[in-house]
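Read through the structure below, which is laid out as structure tokens, and then see the notes.
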Amino acid sequence: MIKDWVSVFSKVRSALMRRGRSEQDADDLVQEAWIRLDTYQREQSVEQPEAFLMKAAINLSIDAYRVRKGRGEEVLLEDVVLIDTTPGVEEALLGRERLAHLSKCLGRLNDKTRAIFLAHRIDGMSYQEIAKAHGLSVSSVEKHIAKAVLLLTGWMEGW
């Protein structure tokens with residue numbers, strides 16, 4: 001009888017995961033295979049329980065795959081059409097140009113308006129947090145952000 005079942009379970013689990021099963025599915029399959037081994041051992045002797053467990057788990061995995069594929073839940077990677085969504089060279093260049101133009105436009109804002117706008121849009125600060133940090137009212141912060149959005153939108157138009 002095997003004494004270190006933890007290492008056996010780990011080997012079986014790893015084998016299932018190498019075959020594309022998730023951690024949770026592999027754990028479930030190992031448990032189900034263990035139940036089958038235990039049930040089988042009650043009536044018959046098993047000379048190599050580790051091999052039995054491995055084979056049972058792999059067979060259960062194959063059965064689960066067939067059932068899921070039949071329902072349309074499982075798709076082989078070879079059957080999937082992969083689309084490369086990375087931008088092309090031209091799109092990347094245009095993006096860099098837009099970013100440079102935006103940076104130039106941000107430079108045209110006065111320091112306080114730029115700092116407030118970036119604190120909200122980049123740092124994710126709330127109007128209340130910005131107002132407290134700059135010693136302003138929330139209304140002033142709203143006006144600075146509205147001014148920045150209006151100017152940047154106008155300057156970026158057509159880009």
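The values are calculated or read from the model by the stated rules, or taken from the named source; none is laboratory data. Note that this is a predicted model, so its numbers are computed, not measured. Backbone-built Cβ (ideal geometry, glycine too); neighbour counts: all protein chains shown. Heads up: the accessible areas ignore ligands, DNA and RNA and are worked out on the full protein's heavy atoms, side chains in. Shrake-Rupley method; radii C 1.70, N 1.55, O 1.52, S 1.80 Å.
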Selection from region 109-143 of residues closer than 27 Å to Glu97 by Cβ and either of a type in the set (Val, Ile, Thr) or within 36 Å of the chain's Cα centre (by Cα) (or both) yields Thr113, Arg114, Ala115, Ile116, Phe117, Leu118, Ala119, His120, Arg121, Ile122, Asp123, Gly124
What number of residues within region 30-59 are more than 20 Å from Asp4 (Cβ to Cβ) and among the aliphatic types (A, V, I, L, M)? 1
When residues of region 1-45 are limited to those that are part of a helix (DSSP H, G or I) and of a type in the set (Val, Ile, Thr), the one most open to solvent (accessible area, probe 1.4 Å): Val6
Condition met for Leu93 (at pLDDT 90 or above and of a type outside the set (Gly, Ala, Ser)): yes
Six or more apart or on different chains, Cβ under 8 Å: which pairs go from a residue in region 37-61 that's within 21 Å of Ala26 (Cβ to Cβ) and of a type in the set (D, E, K, R) to one that's open to solvent by 70 Å² or more (accessible area, probe 1.4 Å) and in a helix (DSSP H, G or I)? Could you list them? Glu50/Lys11
Go through region 16-27 and report how many residues are of a type outside the set (Ser, Thr, Tyr) and out of contact with any Lys or Arg (no Cβ under 9 Å at 6 or more places or on another chain). 7
